[in-house]
1. List the residue pairs whose Cβ atoms are under 9 Å apart, where the first residue sits in the stretch 54-83 and is among the basic types (Lys, Arg), the second is open to solvent by less than 90 Å² (accessible area, probe 1.4 Å), and the two are 6 or more positions apart or on different chains.
2. Just to check your reading of the model, which residue among LEU376, LEU327, LEU350 is assigned by TED's automatic domain parsing to the domain that holds MET204, surrounded by 14 or more Cβ atoms within 10 Å (Cβ to Cβ) and away from the ligand (no atom under 16 Å from the Cβ)?
3. More than 16 Å from the chain's Cα centre (by Cα), at pLDDT 95 or above and either within 16 Å of the ligand (Cβ to nearest atom) or surrounded by fewer than 17 Cβ atoms within 10 Å (Cβ to Cβ) (or both): does that describe PRO231?
4. Give all pairs with beta carbons closer than 9 Å in which a residue from the stretch 194-215 that is in contact (Cβ under 8 Å) with a residue 60 or more places away in the chain and under 16 Å from LEU273 (Cα atoms) meets a residue that is of a type in the set (A, V, I, L, M) and in a loop (DSSP other than H, G, I, E, B); count only pairs at least 6 apart in sequence or on separate chains.
5. If the requirement is being modelled with pLDDT under 95, within 30 Å of LEU83 (Cβ to Cβ) and part of a helix (DSSP H, G or I), which of these qualifies: ALA96, ALA100?
6. Being over 23 Å from GLY110 (Cα atoms), under 25 Å from the mean Cα position of the chain (by Cα) and not aliphatic (A, V, I, L, M) narrows it down to one of GLN214, GLN209, so name that one.
7. Going by what's in this entry, would LEU163 be described as assigned by TED's automatic domain parsing to the domain that holds ARG216 and assigned to a helix (DSSP H, G or I)?
Amino acid sequence: MLGIRLQRHGETTLARQIYQRLREQMTEGRLRPGEALPSTRELSRQLAISRNTACEAYEMLQVEGFIESRPGAPTRVADGLLLDKPVSTVERSEQATCPAPPLLVDFRTGQPDLRRFPVHLWLQLMRQAAEALPREQWGYTGPEGLPGLRQEIAAWLGRSRGLGADPQNIFITAGATQALHLIADLLSVEGREILVEDPCHNGMLHVLQARGCQIRPLPVDEQGLQTERLPGGGVGAGAGAVYVTPSHQFPLGGILPASRRAALVRHAREQDLYLLEDDYDSEFRYSGAPVAPLCLMDAQRVIYIGTFSKILFPALRIGYVVLPPQLHEQWRRLRTHADVQNPPFEQAALAEYLRTRKLDRHVQRMRRLYGQRRQLLLQALAENFGRAWRPWGDAAGLHLALEFPGWNFDRSFAESAREQGIRLAPVEYYSIRKGSHADKLLLGYGHLEAEEIREGIRLLHGFMQEKGHKV
Ligand SMILES: Cc1ncc(COP(=O)(O)O)c(C=O)c1O
């Protein structure tokens, strides 16, 4: 009746959890002044706890003046408890006082398997790289990044994607996120329109929004950005850029076909704007070679953004851009006045990792592993859900987009799944215009072991059955 959910194995005692939940309900006005609370006997029955625990919780509330009890009368909520709190404070206090239940399965997206990263080898390389780094490179070494790393990345782009980039056009960044920050400043996007895939990665969207540009969402289908929806010469002319993930659309997974790529490039030329190509995970493609970058079609119009967050690990914070020469000078100025440069040690270690082809072998190994996990996930879905679902997008990356026709996955679905220990994201979470992808879920699987995937899907199936009786 009081809507209290208890964590039986948490570190907070049951009495304190009850005290905290009731206190919140009183200060937020869900329990009103003078309202009668259940007797301790009734409370212990409702929550399946001992009477002592119920008494202890009421005692804590009484001592602090939240409730009043008189012999022979029901315990009542005291007067004057309501706090007129701003939402953010409420949310913060809920987070602080109401820890989320433990996770049973974590289908978060964008997470490589850190357990399989060769940590010892990496630490060895870091040490060797730091020792071998000439003393002058401990100083200010330039906003472009270490020459050795720029060279190795150029070679890597050639052998992994057939992109023949000049090392002089490669600028090292602290990941793709920082790259987009700097690009937004470089193109002076403030007040201008940026065309963005919808749905799209929240983090990247926020970067653009924070730069003060106008976001114009363009719908995405199974093949990626719907280029026929690009604005013509009239409406939308004067846009600053188009942000795209053509090799593996985030989050729906499509590969942008050649005709749409050509349409994008034509549009960029006609409207005199840049295409921002975010190639965040195309190394992990399970049914063929990585897709060739859009950048190959017009290196003057496309700013290519790459990252090592997925193929190595996100905390490395190394990414890069391939930048047309006309933007170099301004980039140098901006980066210098932002955070100066990347630290040289990780760059030197990464250059060595690339030079000795250890990165190639690591990617090969991980591609095989992630491919197997994807197969396993599809198999578990088929076993549990029969034909009630279908996958979207190319067989690539670390997550899967799934459609369950007839379902409506909203924030409350994700929240109640989380209450049951299942972390997942509805595609709607990434939609700018809500409503077009309400029947789709995203499941990140790259970081999960086989057994975690099987168990996770079994749990999800049970949860969805309870919710909707349709699977
Ligand atoms: C589509 C997309 N772009 C960019 C990023 C951010 O990458 P980085 O860690 O290099 O900033 C992510 C991370 O998940 C992503 O999924």
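1. These pairs meet every condition: ARG76/PRO33; ARG76/GLY34; ARG76/GLU35; ARG76/ALA36; ARG76/LEU37; ARG76/ILE67; ARG76/SER69.
2. LEU327
3. So PRO231 does not fit the description; no.
4. Within 9 Å, the pairs are VAL196/ILE432; ILE215/ILE432.
5. Result of the check over ALA96, ALA100: ALA96.
6. On the way: GLN209 fails: over 23 Å from GLY110 (Cα atoms).
Every option except GLN214 fails the conditions.
7. No, not satisfied.
Yes or no, residue by residue, for (1) of a type in the set (Val, Ile, Thr); (2) in contact (Cβ under 8 Å) with a residue 40 or more places away in the chain:
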| site | (1), (2) |
| --- | --- |
| PRO405 | no, no |
| ASP410 | no, no |
| TYR429 | no, yes |
| GLY435 | no, no |
| LEU441 | no, yes |
| HIS447 | no, yes |
| ILE453 | yes, yes |
| GLN465 | no, no |
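The values are calculated or read from the model by the stated rules, or taken from the named source; none is laboratory data. The structure displayed is predicted, hence computed values, not measured ones. When we count neighbours, we look across all protein chains shown, and the Cβ atoms used for this are built from the backbone with ideal geometry, even at glycine. For the accessible areas, the whole protein counts, side chains as well, though only heavy atoms, and no ligand, DNA or RNA atoms are used. Shrake-Rupley method; radii C 1.70, N 1.55, O 1.52, S 1.80 Å.
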